[in-house]
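Structure first, commentary second.
The values are calculated or read from the model by the stated rules, or taken from the named source; none is laboratory data. Not measured: the values here are computed from a predicted model. Cβ placement follows ideal geometry from the backbone for every residue including glycine, while neighbour counts extend to all protein chains displayed. Calculation scope for accessible area: heavy atoms of the full protein, side chains included, ligands and nucleic acids excluded. Shrake-Rupley method; radii C 1.70, N 1.55, O 1.52, S 1.80 Å.
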Amino acid sequence: KTECSDCPAGEYTGLPGLSVCLDCPSGTITASDGESVCVECVAGEHAATAGLSECTQCVAGRFGASNGTSACTKCEAGLYSGSAGQTACDDCGRGNFSNTSAASTCFQCEDGMYLGVSGQTICLECPVGQFRSGVGQTECTVCVAGQFQGLTGKTECSDCPAGEYTGLPGLSVCLDCP
């Protein structure tokens with residue numbers, strides 16, 4: 001043979017004078033014919049198998065933290081990745097949660113629930129003597145004096161019946177008037 005042939009994209013020679021082309025290892029590529037060195041995929045992308053000519057972005061819900069990744073990592077519950085090509089997952093903010101791994105979105109806490117910290121997997125019910133209406137809340141509101149709430153996870157307080165009272169805010173029962 002009088003002339004050399006270029007290795008196709010996804011393969012490389014490695015050393016001059018080799019008679020065979022080698023597949024680029026997973027996590028690396030050659031994008032065009034005739035390359036002698038494989039290049040690592042950048043963070044947020046991956047090459048799942050050997051011999052590829054292009055890297056693929058990590059899908060929403062997954063991330064690639066470093067260069068040369070062969071597989072993207074799932075976001076843990078409480079975290080999410082909202083778009084393709086992410087290098088890290090984000091916390092679900094206060095009032096929001098994610099209860100599965102590989103989440104691409106977070107959900108708001110429902111009525112009567114709250115979440116005061118980020119990166120959580122469940123919302124908490126408002127305790128007795130407190131309430132919360134509206135979704136995505138970060139704290140509960142204490143029932144005012146003259147009102148009560150004896151159950152958890154409620155959206156409003158109730159007025160004490162005639163002949164009963166609460167002298168303090170945040171109570172779960174009304175007391176008989178003296």
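Observations on the model:
- Spherically averaged projected area of region 4-75 from its Cα convex hull (nm²): 4.2
- Listed as lacking a disulfide-compatible partner in the chain: Cys4, Cys177, by the criterion of no other cysteine Cβ under 4.7 Å.
- Using a cutoff of 8 angstrom between alpha carbon atoms and counting only pairs six or more residues apart, the relative contact order for region 5-141 works out to 16 percent.
- Over 14 Å [Cα-Cα, region 75-140], rounded percent: 51
- Seen from Tyr165, the other residues with C-beta closer than 11 Å to its C-beta sum to a net charge of -3, counting Lys and Arg as +1 and Asp and Glu as -1.
- Cα gyration tensor category, rounded, prolate or oblate, for region 94-178 with a/c compared to 1.5: prolate
- Order of exposure, largest accessible area first, which applies to Asp6, Asp91 with probe 1.4 Å: Asp6, Asp91
- Accessible surface, the chain, averaged per residue in Å² (probe 1.4 Å): 57
- Kirkwood-type radius of the chain, with distances r between different C-alpha atoms, in Å: 20.2
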